[in-house]
Every structure is written in structure tokens, then in C-alpha cells.
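Asks: Next up is a structure, given as C-alpha cells.
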Amino acid sequence: MWVVAKVKTKELSIFKKNLIEKLGKDTKFYHPKIEYHRYFGDKLKKIEKFVLENYIFCYHEKFKKSNFINKIRFLKGLEYFLNGYTQDQEEIIKFIECCQTFENKEGYLTQAFFNTMGIKKAKFISGPFTNMIFEILEKQK
């Protein structure tokens, strides 16, 4: 069963390690990410960013037991588990499968993922308008 955890960004690897110690090696994680490039001076740097920021999907069969979450809710690096994961399993699985269909061979989401969404506002991540938010008026070919 999948659960959604909010983690402390700087302690993500610690959280994963502690959860694997508690649950076992068959624990799965899914954390969709994008890759983009940004100029710093005259150098181009590759930047990796998590789409859901500090939320991560965790899978293990033990999550089916509702009281099990209470036993692991004080793991280092964990802020909390989102409630309602039992009734939202279908939506969680659909979202993960949708993300995985739009991943490239390195595991990053492609631009096609964002094209399928009905996004009306966006932000420039490079160039002279860096960090400026704009509104999409019309989609064309």
C-alpha cells in the first residue's frame, strides 16, 4: 500500500534509510523529479528539482495495517504521513503511473508531462526573466 510522507528535505536520505531498516529491503519510494539547466555567470549547471518538493511516496505491505503508521511516525527526517491514504489508493497509483509514463531514461519527467496538465500559470527558470511568473493565454501547436 502506498502512503504519502512529508519529509525534511535535507534529511531525505536519513528518512529512507530508517524506513528501510524498520520495514525491510522491499520498501519502494517514488519521488518525481525534473532536470533543467541554469546559467551561473558563464557556466551552465545542471539542476535537479523534486516536483512535489518535500513529499515522497512510500510503498510497503505493512502500511495496510492502520496502526503501523503510529509505530513509525517519529522516524528521523519525517514530518508526518498524510491522512486518507487508504481510500485514495487508486488516485495515488494513477498519479505514479502517469508520472512514470512521462519519464526519460534517467528517471526525470519530460516536458510532455506538463503539457498534458491544464496549467494556466508558469515561471521562467532561466534567461533574463528568471523567477518571473507569467500566465498562459492560449495553447497552440
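Any read-out appearing in this document is the output of simple, stated calculations on the displayed coordinates, not a laboratory observation. Computed from a prediction, not measured in an experiment: that's the story for all the values here. Note that we place each Cβ from the backbone using ideal geometry, even for glycine, and neighbour counts take in every protein chain shown.
Asks: What are the residues whose amide H is under 5 Å from the amide H of L52, where those residues sit 5 or more places off or on another chain and H is modelled from the backbone?
Replies: none
Asks: Then there's this: Which ³J(HN,Hα) values in Hz, rounded to whole numbers, follow from the phi angles of the stretch 95-106 under the Karplus curve 6.51 cos²θ - 1.76 cosθ + 1.60, where θ = phi - 60° and Gly and Pro get x?
Replies: 5, 5, 5, 4, 4, 5, 6, 9, 8, 8, 5, 8
Asks: What does the extension gain come out to for E21 and N131, with contour length at 0.36 nm per residue minus their alpha carbon separation?
Replies: 35.6 nm
Asks: Between K49 and I14, what FRET efficiency follows from the Cβ-Cβ distance if R0 is 22 Å, with the result rounded to 0.05?
Replies: The pair K49/I14 has a calculated efficiency of 0.65.
Asks: Right, another one. Simple spin-label model, 7 Å along Cα-to-Cβ: K33 to T86 in nm?
Replies: With each label placed 7 Å out from Cα toward Cβ, I get 3.3 nm.
Asks: Additional query: When only Cα pairs under 8 Å and 6 or more residues apart are kept, what is the percent relative contact order across the stretch 1-108?
Replies: 42 percent
Asks: Past 25 Å, Cα to Cα: identify those pairs from K65/K94; K45/K105; K62/K105, in the order given.
Replies: Over 25 Å Cα-Cα: K62/K105.
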